[in-house]
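This report concerns only the one structure given below.
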Amino acid sequence: MLATHDLTIRFGGHVAVNAVTCSFEPGTLTAIVGPNGAGKTTYFNLISGQLKATSGKVMLGGRDLSGQSPSARTHAGLGRAFQLTNLFPGLSVLENVRLAVQATQAGSHRRGLNLWSIWSDHRQLTERAEQILQSVAMLERRDTPVASLPHGDQRKLEVALLMALEPQVYMFDEPTAGMSHDEAPVILNLIRELKKDKTKTILLVEHKMDVVRELADRIIVLTNGTLVADGPPAQVIASPVVQEAYLGVSKDAEKEAA
């Protein structure tokens, strides 16, 4: 479904992502982990088009997206939560989601202009938007202006917009960051539900290892922009390179502890 081939970006003399080649299959949630500054978010930015690669390719379903803009990649099937934060603060929660639903359906069919089709489409768009808001536990805030939402609800709304676009690939960069202990489970439950659709690919950058252990089918590890580990969660977490690079546990420290 999604693959990067020798994906690289340099900032001056610094190589932030170094020739990362990796593929991501449908029906799999891959967690991308590593220490601060490892290149995780930069790698995400290269995939979604927020940054232009120095070299290498991003492929989706055999199609080369490397030269395309973030919006073009979204239309191609890449969905990233934070790139959808261009919310309309003066509009309500429902209106924001309905616009995303409308954008998705606009390319799938086109009807002649008559009063019945306009009313029918409006009703169907509203019903779909309400379904999505119900799934993110925000239906009761449907009429609330986005500008007045607390941070946690804004994050939930981002996921709602992402769901409305119905992407092939879901990309979550620390989806629970800034959320309270009570709010975070809503987002995690949403990701669990998305995992049930085996036609979708999910990428997750997350620092909380308990979340990674629970949700991930696979873990890849970046250190200094280089892919250093890739495999099942238990195997990767237990590997010496991850213990040292991500958890800060060196082999010498393990020996001393023993």
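Results, tabulated for the structure shown:
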quantity	calculated
Residues of region 76-101 that turn out to be under 26 Å from Gly225 (Cβ atoms) and assigned to a strand (DSSP E or B), as a count	3
Thr42 vs. criteria touching a residue at least 60 places away in the same chain (Cβ under 8 Å), in contact with a Gly (Cβ under 9 Å, 6 or more places away or on another chain), under 25 Å from Met209 (Cβ atoms) and in a helix (DSSP H, G or I)	yes
Subset tally (residues that are surrounded by 17 or more Cβ atoms within 10 Å (Cβ to Cβ), at pLDDT 80 or above and farther than 18 Å from Leu2 by Cβ) for region 76-94	2
Hits in region 53-62 - residues which are surrounded by fewer than 17 Cβ atoms within 10 Å (Cβ to Cβ) and modelled with pLDDT of 95 or more	Thr54, Ser55, Lys57, Met59
Enumeration of residues in region 118-156 that are in a helix (DSSP H, G or I) and under 16 Å from Ile191 (Cβ atoms)	Ile132, Ser135, Gly152, Arg155, Lys156
Test for Thr30: is it touching a Lys or Arg at 6+ places or on another chain (Cβ under 6 Å) and outside any helix (DSSP H, G or I)	yes
So Arg73, is it assigned to a helix (DSSP H, G or I), buried (at least 19 other Cβ atoms within 10 Å of the Cβ) and at pLDDT below 85	no
Condition check for Val159: surrounded by 13 or more Cβ atoms within 10 Å (Cβ to Cβ), modelled with pLDDT under 85 and assigned to a helix (DSSP H, G or I)	no
Test: residue in region 166-184 that is in a helix (DSSP H, G or I), farther than 20 Å from Ser48 by Cα, of a type outside the set (Lys, Arg) and modelled with pLDDT under 90	yes
Options Asp182, Asp173; residue that is of a type in the set (Asp, Glu) and either under 16 Å from the mean Cα position of the chain (by Cα) or surrounded by 17 or more Cβ atoms within 10 Å (Cβ to Cβ) (or both)	Asp173
Hits in region 128-156 (condition: in contact with a Gly (Cβ under 8 Å, 6 or more places away or on another chain) and either within 16 Å of Phe88 (Cβ to Cβ) or surrounded by fewer than 17 Cβ atoms within 10 Å (Cβ to Cβ) (or both))	Pro145, Val146, Ala147, His151
Single match in Leu222, Leu204 (criterion: in contact with a Gly (Cβ under 6 Å, 6 or more places away or on another chain), crowded, with 20+ Cβ neighbours inside 10 Å and not in a helix (DSSP H, G or I))	Leu222
Single match in Ala164, Ala216 (criterion: in contact with a Leu (Cβ under 7 Å, 6 or more places away or on another chain) and surrounded by 14 or more Cβ atoms within 10 Å (Cβ to Cβ))	Ala216
Condition check for Asn18: surrounded by 13 or more Cβ atoms within 10 Å (Cβ to Cβ), among the polar types (S, T, N, Q) and assigned to a strand (DSSP E or B)	yes
Ser23 part of a strand (DSSP E or B) and free of Cβ contacts under 8 Å to residues at least 60 places away in the same chain	yes
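The values are calculated or read from the model by the stated rules, or taken from the named source; none is laboratory data. On a predicted model such as this, the values are computed, not experimentally measured, just so you know. So basically every Cβ, Gly included, is an ideal-geometry build from the backbone, and we count neighbours across all protein chains shown.
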